[in-house]
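Notes follow the structure.
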Amino acid sequence: TPISRIRNFSIVAHIDHGKSTLADRLIQLTGTVAERDMKEQLLDAMDIERERGITIKANTVRIEYPAKDGQTYILNLIDTPGHVDFAYEVSRSMRAVEGSLLVVDATQGVEAQTLANVYTAIDADHEIVPVLNKIDLPASEPERVREQIEDVIGIEAHDAIEISAKTGLGIPDVLEAIVTRLPPPHGGDADAPLKAMLVDSKYDPYLGVVVIVRVVDGVLKKGQRIKMMKTGGTYDIDRIGVYRPAMQDVAELGPGEIGYITAQIKQVRDTRVGDTITTEKKGCETPLPGFKPSIPVVFCGLFPVDANDFEDMRDAIEKLALNDASFTFEVETSAALGFGFRCGFLGLLHLEVIRDRLEREYDIDLITTAPSVIYHVFTKDGERHDLHNPADMPDPSKIDRIEEPRIKATILVPDDYLGDVLKLCQDRRGLQLDLTYAGARAMVVYDLPLNEVVFDFYDRLKSVTKGYASFDYQMIGYREDNLVKMQILVNDEPVDALAMLVHRDRAEMRGRAMCEKLKELIPRHMFKIPIQAAIGGKVIARETLAALRKDVTAKCYGGDATRKKKLLEKQKAGKKKMRQFGKVEIPQEAFISALKMD
Ligand code: GTP
């Protein structure tokens with residue numbers, strides 16, 4: 001196929017605005033998949049993605065479309081991850097295509113991720129075709145949303161296409177627009193040395209690592225010996241093909257084409273999104289611009305509830321890591337929790353997905369410690385320590401200053417809830433940068449400490465706005481603040497899994513709240529238990545959990561032995577979800593609940 005008859009595009013949208021449904025319709029209408037094989041949300045392969053309705057890993061599909069001009073075009077759709085945590089991957093995959101369909105739910109309008117994603121597309125020099133979805137719904141207001149797109153995003157929207165991805169209305173117009181309004185791939189010299197972008201990779205238990213590539217120059221062929229320019233690895237290509245969306249082998253991929261290769265690559269870690277692939281011999285000289293590896297920003301400890309599960313957990317984590325290079329882990333030992341793993345994630349959602357998969361797919365009960373960001377701790381000798389775990393904090397007398405990561409958060413919210421959102425951001429040490437209106441919605445921009453966002457900011461935001469706010473963020477750098485390490489002592493023993501860095505001015509309040517929560521969450525024991533929050537040696541908050549008066553079996557005194565035995569067994573089962581701290585048992589849920597701020 002000549003390059004003039006190829007169109008590469010992505011679909012950008014806020015969550016739930018109908019991206020996957022539209023992709024399904026495009027695939028269906030072009031007969032790419034036989035009707036009987038069509039299932040909802042074809043591109044969302046993993047169970048969790050299906051369940052939560054979110055797209056985690058980018059996927060691609062090749063569609064053949066006979067256009068009105070009588071020619072058949074090849075349309076390559078790259079489906080990008082929808083969530084903020086995967087922003088870097090989104091921006092890379094967008095560089096592999098030339099245009100975007102901007103899908104906006106005509107009943108909702110522009111949301112925070114609409115903005116974030118469309119700006120990423122504009123940064124990648126995309127031609128953009130606005131599409132107004134869900135016009136089958138009586139609540140849809142295509143005219144209003146058209147204006148909003150022009151006002152807020154600043155792109156032409158009078159020729160936005162009105163569709164219903166659900167009923168199929170307007171889909172043929174979308175296909176025509178892809179051909180007539182989006183450009184063919186730029187340049188592309190089939191005779192030049194091979195230059196291809198590594199768009200994505202995933203692990204397949206039968207094929208090993210499958211790499212998604214976009215050829216820029218040259219031709220990719222079976223048997224070629226290729227080289228990854230940044231990571232330096234060299235491999236022989238075994239298979240080469242395209243997704244339709246099932247894998248279909250082809251002989252070669254030329255300039256402008258998107259497809260997959262397999263090459264006996266053992267783990268996803270050996271492939272880096274954004275790397276340039278060339279041939280080992282007579283390769284291209286300069287790689288594609290702008291490569292940067294994605295790095296974890298949120299860390300937490302994951303420990304098996306049952307210490308006997310540690311080896312199973314290691315297996316499970318290694319398997320997950322095969323398919324996810326952005327997730328890091330190392331063994332961690334905690335005085336209180338025993339052996340576990342310190343894991344790094346791209347963001348909170350990423351953390352949740354991994355934790356969920358470990359619990360569900362591998363059936364391991366976990367204790368998750370408080371998520372933490374990476375602090376830059378500067379000691380008086382002038383050195384910088386990157387602190388991933390509050391437990392590793394250097395001696396306070398040696399510390400010169402501590403810097404914390406900050407984010408720029410963009411929140412879109414209906415006017416009615418604006419006051420609550422401002423209060424929430426203010427409570428989380430936010431600095432307001434901007435406040436503007438986009439129709440009946442306010443757009444607020446805040447500079448916030450990432451640390452105040454990682455825990456439950458998103459949940460709180462959803463609850464104070466009844467789900468009407470949308471949120472997006474990006475890292476903006478590090479700044480010094482008055483941060484101290486707060487420890488929690490239960491029965492005079494420090495529980496390292498509950499240690500955290502807090503702002504000095506907020507330490508008392510946080511400490512008091514945690515002690516009160518723990519008092520509710522820890523069951524009474526036979527003795528009195530002091531629960532304290534402390535900074536250095538100084539106690540800043542304290543609660544006391546009274547002793548249990550009666551033995552649990554006391555009320556069975558004189559009763560029959562089986563009942564007594566049953567009661568003791570029940571108690572023993574209850575213990576499984578507890579961890580022993582010195583003489584005290586703390587239930588698993590205490591670790592998360594104690595950290596939630598209400
Ligand atoms: P992510 O993949 O999670 O980013 O979401 P998405 O943008 O792909 O949204 P998805 O396609 O999953 O659609 C979200 C919901 O809207 C689903 O329940 C769809 O059935 C519904 N939906 C999508 N398009 C339409 C439409 O045109 N009309 C109506 N009434 N519902 C639609």
Practice problem: Express in Å², to the nearest 10, the accessible area of R272 obtained by rolling a 1.4 Å probe over the protein heavy atoms while all chains stay in place. | Solution: 80 Å²
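What pairs in K134/K423; K166/K292; K68/K221; K462/K517; K292/K423; K408/K485 have C-alpha atoms more than 29 Å from each other? Write out the running numbers ahead of the final one.
Working: K134/K423 34 Å; K166/K292 38 Å; K68/K221 32 Å; K462/K517 22 Å; K292/K423 36 Å; K408/K485 25 Å.
Violating the 29 Å Cα-Cα cut-off are K134/K423; K166/K292; K68/K221; K292/K423.
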Quiz prompt | Convex hull volume per residue in cubic angstrom - Cα atoms of the stretch 170-239 | solution = 148 Å³
Exercise. Show that you can apply the helix-only estimate: for the chain, add -39,500 (n - 2.57) for every DSSP H stretch of four or more residues, divide by all residues, and state [θ] at 222 nm to the nearest 500.
Key: -7000 deg cm²/dmol
Quiz item: What order do V413, V216 take when sorted by accessible area (1.4 Å probe), most exposed first?
Solution: V216, V413
Practice problem: May I ask you to evaluate 6.51 cos²θ - 1.76 cosθ + 1.60, the Karplus curve with θ = phi - 60°, for each residue of the stretch 341-346 and list the ³J(HN,Hα) values in order in whole Hz, giving x for glycine and proline? | Solution: 9, 8, 10, x, 9, 6
Self-check item: Dipole of the chain, positive end: most advanced residue of G188, I522, P287 [Cβ charges, Cα centre]
Solution: I522
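Compute the accessible area per residue over the chain, keeping the other protein chains in place, probe 1.4 Å, unit Å².
45 Å²
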Quiz prompt | Reciprocal mean inverse distance between Cα atoms of the stretch 194-278 - Kirkwood radius, Å | solution = 12.3 Å
Self-check item: Selected from Y478, P396, V219, residue furthest toward positive end of dipole (the chain; charges at beta carbon)
Solution: P396
Quiz item: Size of the dipole of the chain about the Cα centre, Lys and Arg at +1 and Asp and Glu at -1 on the beta carbon, nothing else charged, in debye to 20?
Solution: 2280 debye
Practice problem: On the full set of protein chains, 1.4 Å probe, figure out the accessible area of V502 and give it in Å² to the nearest 10. | Solution: 10 Å²
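How large, in percent, is the carbon and sulfur part of the accessible surface of the stretch 68-182 at a probe radius of 1.4 Å? Present the calculation step by step, with values, prior to reporting the outcome.
Values: 1910 of 4110 Å².
Within the stretch 68-182, the accessible surface is 47 percent carbon and sulfur.
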Exercise. Working from Cα positions, state the angle (0 to 90°, nearest 10) between the long axis of helix 507-521 and the longest principal axis of the chain.
Key: 80 degrees
Quiz item: When each pair of different Cα atoms in the chain is counted once in the 1/r mean, what is the Kirkwood radius in angstroms, to one decimal?
Solution: 26.7 Å
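The values are calculated or read from the model by the stated rules, or taken from the named source; none is laboratory data. If you're wondering where the values come from, they're calculated on a predicted model, not measured in any experiment. All Cβ positions, even for glycine, are placed from backbone atoms using ideal geometry, and neighbour counts span all protein chains on display. Surface areas here come from the heavy atoms of the whole protein model, side chains and all, with no ligands, DNA or RNA. Shrake-Rupley method; radii C 1.70, N 1.55, O 1.52, S 1.80 Å.
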